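Visitor: Dropping the structure in here first, questions after.
We did not get these values from a lab; they are worked out from the coordinates using the rules stated. Nothing here was measured: the structure is a model prediction, and the numbers come from that model. Neighbour counts run over all protein chains shown; Cβ positions are idealised from the backbone, glycine included.
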Amino acid sequence: MPSRPGSTALPATLKRSPSKAQRTYAKTLASAEQSYGPGERARRTAMSSLKHSFEKVGDHWEPKAEKGPSDPQAAASGEQARRGKQASYGGVDGLGQTRQALYERARALGIEGRSTMSKAELAQAIARKQ
C-alpha cells in the first residue's frame with residue numbers, strides 16, 4: 001500500500017482506536033498537509049476533525065453518540081477560533097454529554113471533589129486524569 005502523508009504519524013492513542021478514527025485522522029492530515037504543509041497546523045486540523053466524531057476515553061478514541069463539537073474551542077469559529085481563548089477538554093465530549101454521565105466517568109476514574117464540580121470542570125478533570 002502506498003504511503004500517504006501523515007499515515008505513519010498516528011498518535012499512540014489513535015493506534016489503540018477503531019480503524020475509522022485512524023482513517024479520519026489520516027485522511028484529514030493528508031488533506032491539511034496539502035493545504036498548509038506539514039506541521040502543527042495540519043496536525044491540529046486533523047485532531048479537530050477527529051474530535052468532531054470521536055471522544056477520548058482513557059488511552060484511546062471511541063465514537064461519540066452524536067457528532068458535533070466537544071468543547072467551547074471546537075464550537076468556536078472564525079477569528080474567535082484562531083485566537084484559541086476558549087476552554088478545551090482534551091478530547092472529552094463535554095458538550096455532548098450530560099453532567100451525570102461526566103460525573104459517573106469522574107467517579108470511575110477516582111477524581112476527588114467531583115460532586116461540587118460543574119460540567120465543564122468535570123470534563124477538564126477527566127481530560128487531565130486520562
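Visitor: Counting just the residues of region 45-68 that are touching a strand residue (DSSP E or B) at 6+ places or on another chain (Cβ under 7 Å) and either more than 13 Å from Ala21 (Cβ to Cβ) or of a type outside the set (Phe, Trp, Tyr) (or both), which one comes out surrounded by the most Cβ atoms within 10 Å (Cβ to Cβ)?
Guide: Narrowing region 45-68 to residues touching a strand residue (DSSP E or B) at 6+ places or on another chain (Cβ under 7 Å): 50, 53-55, 61-64.
In the following step, the residues that additionally are either more than 13 Å from Ala21 (Cβ to Cβ) or of a type outside the set (Phe, Trp, Tyr) (or both) were identified as 50, 53, 55, 62-64.
On the way: Leu50: 25, Ser53: 16, Glu55: 20, Glu62: 14, Pro63: 13, Lys64: 16.
Looking at the filtered set, the residue picked out is Leu50.
Matching residues to (1) outside any helix (DSSP H, G or I); (2) surrounded by 13 or more Cβ atoms within 10 Å (Cβ to Cβ); (3) not hydroxyl-bearing (Ser, Thr, Tyr):
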residue: Arg43; (1), (2), (3): no, yes, yes
residue: Ser70; (1), (2), (3): yes, yes, no
residue: Ala74; (1), (2), (3): no, yes, yes
residue: Arg82; (1), (2), (3): no, no, yes
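Visitor: For the condition in contact (Cβ under 8 Å) with a residue 12 or more places away in the chain and more than 17 Å from the chain's Cα centre (by Cα), what is the one hit in Pro18, Pro38?
Guide: Values: Pro18 fails: more than 17 Å from the chain's Cα centre (by Cα).
On inspection, the qualifying residue turns out to be Pro38.
Visitor: While we're on this one: Which residue pairs have Cβ atoms closer than 6 Å, lie 6 or more positions apart in sequence or on different chains, and pair a first residue in region 42-62 that is touching a residue at least 24 places away in the same chain (Cβ under 8 Å) with a second residue that is basic (Lys, Arg) and surrounded by fewer than 16 Cβ atoms within 10 Å (Cβ to Cβ)?
Guide: Ser53/Lys67; Asp59/Arg16; His60/Arg16
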